[in-house]
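What follows is a single structure, written as structure tokens, with notes after it.
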Amino acid sequence: MPEPETSTPGPAARPAHPHSATLKRLEQSSGSLAAQAIARMDETLPWYRAMPPENRSWIGLVAQAGIAAFTEWFRHPDTPQAISTDVFGTAPRELTRAITLRQTVEMVRTTIEVMETAIDEVAAPGDESVLREALLVYAREIAFATAQVYAQAAEARGAWDARLESLVVNAVLSGEADEGAVSRAAALGWNSPEHVCVVLGTAPDGDSELTVEAIRRAARHAKLQVLTGVLGDRLVVIAGGSDNPLAVAKSLIGPYAAGPVVAGPVVPDLLAATRSAQAAAAGLKACSAWQDAPRPVLADDLLPERAIAGDPSAREQLVEEIYRPLEEAGAALLETLSVYLEQASSLEGAARMLFVHPNTVRYRLRRVTDVTGWSPSDVRSAFTLRIALILGRLADGDLQT
């Protein structure tokens with residue numbers, strides 16, 4: 001008796017989509033819906049009309065991808081899908097710089113409105129409410145996807161900007177600032193202010209990004225432009241927009257850790273900021289020698305300590321800004337100042353040594369203040385003047401040998 005024939009079971013037939021007619025009509029209408037969305041954008045969005053053709057074409061592709069992604073999502077509503085990749089992956093990453101988040105929201109809203117208007121035409125009879133509900137859910141997903149794309153772009157841009165800013169700050173500190181550093185600073189929003197100074201101090205423990213953000217908030221409040229970074233244990237701020245370095249340091253001092261904070265002198269631009277940075281760094285190093293130094297303190301107020309610590313620019317500044325002007329003003333001023341300091345700042349003692357009236361000494365000391373900007377009667381200024389005299393005599397001795 002012959003064996004009964006057996007048939008190999010074939011693959012299970014895929015169940016039909018519950019709204020297959022609507023799905024088919026949606027697939028057929030996707031091209032015309034994308035064209036209507038682009039036409040609506042051109043009609044209602046001025047920024048879209050003003051864009052270069054290349055960017056408009058990318059936006060058109062995004063609109064088409066959005067409608068295609070909705071079709072696929074309607075086909076498999078329960079399947080997890082990366083909508084941001086399906087929709088925004090068609091455009092280059094640079095598009096997030098050319099189109100703002102607000103403009104992207106307007107683009108998505110326009111496309112959704114066009115699709116809503118076409119629901120009665122696209123949906124099969126009886127499926128209108130199903131398609132409308134699906135579009136509402138999809139619109140929510142697209143909103144989240146848009147936020148995610150721009151958040152990721154902002155994070156990437158923030159990380160890149162931080163690296164770029166660190167390069168600029170390091171170039172200024174190391175004396176390697178050039179036109180390339182200026183260009184990088186401009187890319188970060190630095191508008192080349194006329195007055196620039198550098199403020200240095202100890203960085204606090206913890207997240208350096210939080211410290212940098214605190215500096216930025218303080219700078220915005222003080223209406224200053226800043227480039228900042230944490231380099232090792234130092235918090236460095238290049239500030240622009242004020243010709244008063246002490247006021248700049250006071251307005252930014254909050255995020256610094258305990259310890260001295262030193263403001264370098266004002267310079268005309270970013271290329272010259274190395275001079276301010278070097279003065280501030282030398283002042284920070286020498287500040288321990290002045291235990292009662294104010295906080296913050298100017299690097300120029302630390303000239304004697306910096307000179308003793310071996311800073312050549314401080315030595316040169318003391319000689320050129322104090323000793324040489326006194327020398328040019330006449331031997332009497334130098335002699336009177338020297339004797340006055342040797343006599344423990346005694347007017348009468350200096351007058352006896354010089355065989356002049358105390359009023360003559362008083363007059364000459366006022367002239368010293370006028371010429372140098374430092375008052376011999378002030379203890380701190382007298383110390384600075386004494387160091388300047390010593391360095392000036394040493395410089396004269398070097399010239400004679």
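Count the net charge of all other residues whose Cβ sits under 13 Å from the Cβ of residue 195, scoring Lys and Arg as +1 and Asp and Glu as -1.
Net charge around residue 195: -2.
Quick check: convex hull over the Cα atoms of segment 17-58, volume per residue in Å³, rounded to an integer?
80 Å³
Defining a contact as two alpha carbons under 8 Å apart and six or more residues distant in sequence, what relative contact order in percent does the chain show?
10 percent
Return the distance in nm (one decimal) between the two label points of a simple spin-label model at residue 222 and residue 71, each offset 7 Å from Cα along Cα→Cβ.
Calculated label separation equals 5.9 nm.
Run through the DSSP bridge list for the chain and note the antiparallel percent, rounded to the nearest 5.
Bridges in the chain are about 90 percent antiparallel.
Would you mind counting up the charge near residue 25? Only other residues with Cβ under 11 Å from its Cβ, with Lys and Arg at +1 and Asp and Glu at -1.
Result for the local shell: -2.
Any idea what diffusion coefficient segment 152-258 gets from Stokes-Einstein, in µm²/s, Kirkwood Rh on alpha carbon pairs, 4 °C, 1.567 mPa s?
Estimated via Stokes-Einstein, D reaches 93 µm²/s.
Tell me the per residue accessible area of segment 338-401 using a 1.4 Å probe; a whole number in Å² is fine.
For segment 338-401, the solvent-accessible area averages 59 Å² per residue.
Students often forget the sequence filter, so: which lysines lie under 27 Å Cα-Cα from residue 223 once same-chain residues fewer than 8 apart are removed?
Within the straight-line limit of under 27 Å, residue 223 reaches these lysines: 250.
Over its Cα atoms, what ratio of radius of gyration to 2.2 N^0.38 Å does segment 250-401 give?
1.16
To the nearest 10 Å², what's residue 54's accessible area with a 1.4 Å probe?
120 Å²
Considering only protein heavy atoms, with the full assembly of protein chains and a 1.4 angstrom probe, order 74, 355, 383 by accessible area, largest first.
From most accessible down to least: 355, 383, 74.
Please list, or write none, the lysines whose alpha carbon is within less than 20 Å of the alpha carbon of residue 24, excluding same-chain residues fewer than 8 places away.
none
Just to check, using Stokes-Einstein with a Kirkwood Rh over alpha carbon pairs, what's the diffusion coefficient of segment 186-225 at 4 °C and 1.567 mPa s in µm²/s?
For the chosen part, D equals 109 µm²/s.
Starting from the eigenvalues of the Cα gyration tensor, five times each then square-rooted, give me the equivalent ellipsoid semi-axes of segment 269-349, largest first, whole Å.
The three semi-axes for segment 269-349 are 28, 17, 10 Å.
For segment 274-281, what does the Karplus curve 6.51 cos²θ - 1.76 cosθ + 1.60, with θ = phi - 60°, yield as ³J(HN,Hα) per residue in whole Hz, taken in order and with x for Gly and Pro?
Ordered by residue, 3J(HN,Hα) equals 4, 4, 5, 5, 5, 5, 5, 5 Hz.
If I fit a long axis through the Cα atoms of helix 379-400 and take the longest principal axis of the Cα atoms of the chain, what angle between them do I get, 0 to 90°, rounded to 10?
80 degrees
Could you tell me what fraction of 2.2 N^0.38 Å the Cα radius of gyration of the chain comes to, as a two-decimal ratio?
Compactness ratio reported: 1.70.
Taking H placed 1.01 Å from N in the peptide plane, check which residues at least 5 places from residue 195 or on another chain put their amide H under 5 Å from its amide H.
241, 242
Decide, for segment 191-322, between rounded, prolate and oblate: order the square roots of the alpha carbon gyration tensor eigenvalues as a ≥ b ≥ c, take rounded if a/c falls under 1.5, and otherwise choose prolate if a/b is larger than b/c, else oblate.
Taking the square roots of the gyration eigenvalues as a ≥ b ≥ c, segment 191-322 is oblate.
The values are calculated or read from the model by the stated rules, or taken from the named source; none is laboratory data. Since the structure is predicted, the reported quantities are computational estimates derived from the model, not experimental observations. Note that each Cβ is placed from the backbone with ideal geometry, even for glycine, and that neighbours are counted across all protein chains shown. Surface accessibility is based on the protein's heavy atoms, side chains included, excluding ligands, DNA and RNA. Shrake-Rupley method; radii C 1.70, N 1.55, O 1.52, S 1.80 Å.
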